[in-house]
Amino acid sequence: MKKVLVLGCTGSIGTNTLEIIRNFPKNFSVAGITAHSNEKRFNELCTEFNCKGILTSKTGIENLGKLIEETQPDIVVNGIAGSAGLLPSKIVLEHKISLALANKETVVMAWPLIKKLAEKNNAQIIPVDSEHSAIFSLINQAGKNNVSEIVITASGGPFRTLDKAELENVTVEQALKHPTWNMGKKITIDSATLANKGLEVIEANRLFDTPTEKISVTVHPQSLIHSLVRTNDGMLYAQISDPDMKHPIYSALTYPENKENYLKPFNLFDCTMTFFKPRYEDFPMLSYAFEAAKLGGSYTIAYNAANEVAVDAFINKKIGFMGIPKLVKKVLDTDWTDTPYNFEDVFEADSKARKLAQEFLCE
């Protein structure tokens, strides 16, 4: 039986992880849980699974190391949203525990340091994002040396058919209605701006050690193909399933095995699949991500930090929808060429970018 520690147990990833464990009581058990501030639900889950946990809004994430030592998990699922998920990833790897990673920011902000830490402590990092889970699986099957291109699919969000003028008038309420996925507020807004896909481009660049020139994005509104790889002979291979995060979570929990599950098999006869080129000019967050990945240094840290500030400002109706990429561009136009050599450097760059973004907001 595999003991699982779930970080962010009340969020989308955490909720789906616990649902899988409920359905496989002989295969998995809950070693422990963390939540940020939903104390009522947190207490209910501690009781249901008879496990220890920490509420980080009260005790801080610093106690995660103690929780790991007390619960001795076999794997940790990091479903914490935003830059707050980086430090937990670091703590998990320092304890030599394998990490099922749904937190994009861990890779976007500090991948060279995270990768080095994982290698030093012989801990695996298994991607849980549906796109990167698909790429991970496809590359493992095709062989890294046989893959010439990674193709990341994007739903296009709720506004893929709106023209530039219409995008200026998008409301928060409209942006929070995703056509195919049920997610938290921040990631839903990111999907609408294509910033989420931008973060995934950076992730793919780093997780799979693939230059941005060999990464492309295709808009696939149905979200049935979760990503593709092209092999050296020009053939494309895809992973196809219904848009349900339980699939990639289950794959991470059972890796390296491929086990049967209770999820409904995908039915080819009831679907339509369409594909479109991304509109980079109308959704510039995607092109900014490609550029940040190419430039290196601290540009990806600045991209992520500025976006978090901008999304928060949009949700609180301080800026309009197209104000998000405008604010991010202002921050990225500053010099971010310094390479972070330790986690302190990462957090310093992150803080600097947030401060700058807040200053631009006040102009």
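The values are calculated or read from the model by the stated rules, or taken from the named source; none is laboratory data. Bear in mind the structure is a predicted one, so any value in this text is a computation, not a measurement. Methodologically, a virtual Cβ is constructed for each residue, glycine included, from the backbone with ideal geometry; neighbour enumeration extends over all protein chains shown. Note: accessible area is taken over every heavy atom of the protein model, side chains too, but ligands, DNA and RNA are not part of it. Shrake-Rupley method; radii C 1.70, N 1.55, O 1.52, S 1.80 Å.
Loop-located trypsin sites (Lys or Arg not before Pro) in the range 219-299 (DSSP state not H, G, I, E or B) with no more than 13 neighbouring Cβ atoms inside 10 Å: 259. Accessible surface ranking for 338, 242, 1.4 angstrom probe, highest first: 338, 242. Less than 5 angstrom separates the built amide H of residue 217 from those of 152, all sequence-distant by 5 or more or on a different chain.
Exposed loop chymotrypsin sites (Phe, Trp or Tyr not before Pro) only (DSSP loop, at most 14 other Cβ atoms within 10 Å): please give the longest stretch of the chain free of them, not including the sites. Here the longest run is 1-261.
Within the full protein context, the accessible area of residue 273 is estimated at about 60 Å² for a probe radius of 1.4 Å. Using C-alpha pairs below 8 Å separated by at least 6 residues, the relative contact order for the range 143-262 is 36 percent. Loop-located trypsin sites (Lys or Arg not before Pro) across the range 77-157 with a Cβ neighbour count of 15 or fewer within 10 Å are 96, with loop assigned by DSSP. Per-residue ellipticity at 222 nm from helix content only, as computed over the chain with -39500 (n - 2.57) for each DSSP H run of at least four residues, stands at -14000 deg cm²/dmol. Can you flag which of 90/246; 2/197; 66/144 are past 28 Å Cα-Cα? Correct reply: 2/197; 66/144. Of the GluC sites (Glu not before Pro) found in the range 275-351, the ones in coil according to DSSP and having at most 15 other Cβ atoms within 10 Å of their Cβ are 281. Using the Karplus relation 6.51 cos²θ - 1.76 cosθ + 1.60 with θ = phi - 60°, the per-residue 3J(HN,Hα) values for the range 163-169 come to 7, 4, 5, 5, 4, 4, 9 Hz, with x marking Gly and Pro.
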